[in-house]
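This report concerns only the one structure given below.
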Amino acid sequence: MLCLMEVANPYIFKIKPYVPGKPIDDVKRELGLKSVIKLASNENPFPPSPKVLSAMAAASRGVNRYPDGGCFVLRRALARKLNVDDDQLIFGNGSDELIVLAVKAFAAKGDDIIIAKPSFLIYEIASILSGARLHQVPLRDFHYDLEAMKAKINARTRIIFIGNPDNPAGTYVSQRQVEDFMRAVPKSTLVFFDEAYFEYVRAKDYPDTIALMKKYPNIMVTRTFSKMYGLAGLRIGYGIASRQVIDILNRLREPFNVNSIAQAAALAVLGDEPYYRNIAREIESQRQYLYRTLRAMNIPFEESFTNFILIQVGSDSTAVADALLKKGVIVRDMAAWGLKSHIRVSIGSPSENKRFIKTLGEVL
Ligand SMILES: *Cc1c(COP(=O)(O)O)cnc(C)c1O
């Protein structure tokens, strides 16, 4: 008799389970701390705007009904904002879901997928589960090595994931680099640009991937309401691609994958841009505060185009992350990503960042 462990999809056992940032309440309970701050999951430290909160309250009265599976109102508003057709959009239960759907749709055993190393863990997890062969191309000086990724392309390459900016490095690839790269990619390979941090990027040469889609219909772009728009707990992100690609993904998508409160909140976000522009400015000035203080403390870091910073803390990142945790500051130890002397710290509110800096000074 076979047991269930023996008959489960064998690829499952090749996956290192994703370890999320520790929740604040767990740390308080486990360590008996009164005040804990979390700078480990690149969340927005500010609450949703009053308009968004009231849209959520209004939508909550209708949760006895299933959500609109087609996200009709949100789709129309977002399509207008992005200047794309309605049927070029797909919504997901977080943009994570769209990564998984793309792999399911386009890659299977015997195919190839190319990602960077280190990179966002979901690309790796989704790829392994599909049975596809995964090529992990090391970053160079914390930047994508697109030449080396090009060299890995073959007739079986189905997907190339480009986190732009990627997590955990925080760096981006430019318009010129992307144009150059796309010329070398076969039309049968999906190039998946994960732009989860799009709204945080301030760089003149950041690529316009939506415009490039006209010339290269094998481009797919995802963005999210989790990071800049502070709806991480509601789980809603979206993808932009050609009508054909969206049609394929829609066949796989669960009919009610995006809940009604998330749809209402995302729609309200689109109608409240000034609130989020202010947050963007605040995060930007906090980024500069962290850069200044880290420089003054002689602690090296990577310049980031996101709401997190990769910081080099010396020899043992695990010891440093643990020591910070004991003092109530949750950050992400990068050892599991192969960066044994780095931590990743999300940019928090002004008081959180001050506490992080003070605690880091004590620990180092
Ligand atoms: C946070 C993050 C996402 C996903 O966020 P969702 O909450 O699933 O929309 C996707 N890609 C990268 C690189 C991220 O850091």
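The values are calculated or read from the model by the stated rules, or taken from the named source; none is laboratory data. Keep in mind that this is a model prediction, so the values were computed, not measured. Every residue, glycine among them, receives a Cβ derived from its backbone with ideal geometry; neighbour counts consider all protein chains shown. Each accessible area value is taken on the protein alone, full model and side chains, heavy atoms only, with ligands, DNA and RNA left out. Shrake-Rupley method; radii C 1.70, N 1.55, O 1.52, S 1.80 Å.
Contour minus end-to-end for Arg76 and Gln288, with contour as 0.36 nm per residue of separation and end-to-end as the Cα-Cα distance?
Details: separation 212, 0.36 × 212 = 76.32 nm, distance 3.67 nm.
Once the chain is fully extended between Arg76 and Gln288, it gains 72.7 nm.
Let me know the volume per residue of the alpha-carbon convex hull for the chain, in Å³. Walk me through the numbers before you get to the answer.
Values: hull volume 60.9 nm³, N = 364.
So the per-residue hull volume is 167 Å³.
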Highest average packing first - 315-321, 118-124, 170-176, Cβ atoms within 10 Å: 118-124, 170-176, 315-321
Euclidean distance between Cα centres, region 151-196 to region 205-236, Å: 13 Å
Eligible lysines near Lys204 by straight Cα distance, threshold 27 Å, same-chain separation 8 or greater: Lys81, Lys117, Lys150, Lys214, Lys215, Lys227
Carbon plus sulfur fraction of accessible area for the chain, probe 1.4 Å, in percent: 55 percent
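Over region 13-109, give the accessible area per residue in Å² for a 1.4 Å probe, as an integer. Walk me through the numbers on the way to the answer.
Numbers: 5660 Å² over 97 residues.
Ligands and nucleic acids excluded, the result is 58 Å² per residue.
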Dipole of the chain, positive end: most advanced residue of Ser54, Ser315, Thr171 [Cβ charges, Cα centre]: Ser54
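Going through region 1-106, which chymotrypsin sites (Phe, Trp or Tyr not before Pro) have at most 11 other Cβ atoms within 10 Å and a DSSP loop state?
Values: sites: Tyr11, Phe13, Tyr18, Phe72, Phe91, Phe106; in loops: Tyr18.
Listed in order of number, the matching sites are Tyr18.
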Cut-off 19 Å (backbone N to label point 7 Å along Cα→Cβ of Glu254), residues of region 97-117: 97-105
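Under unit Cβ charges (Lys, Arg +1; Asp, Glu -1), what dipole magnitude, rounded to 20 debye, does region 104-201 have relative to its Cα centre?
Charge dipole of region 104-201: 500 debye, to the nearest 20.
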Probe 1.4 Å - accessible area at His342, Å² to nearest ten: 20 Å²
Simple label model, 7 Å out from Cα along Cβ direction - Met182 to Glu30, nm: 4.4 nm
Net dipole in debye of region 50-270 [+1 Lys, Arg Cβ; -1 Asp, Glu Cβ; about Cα centre; nearest 20]: 340 debye
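Sorted by mean Cβ packing within 10 Å, highest first, what order do the peptides 93-103, 25-35 take? Each step should come with its number before you reach the end.
Values: 93-103: 23.6, 25-35: 11.3.
Most protected by this proxy first, the peptides run 93-103, 25-35.
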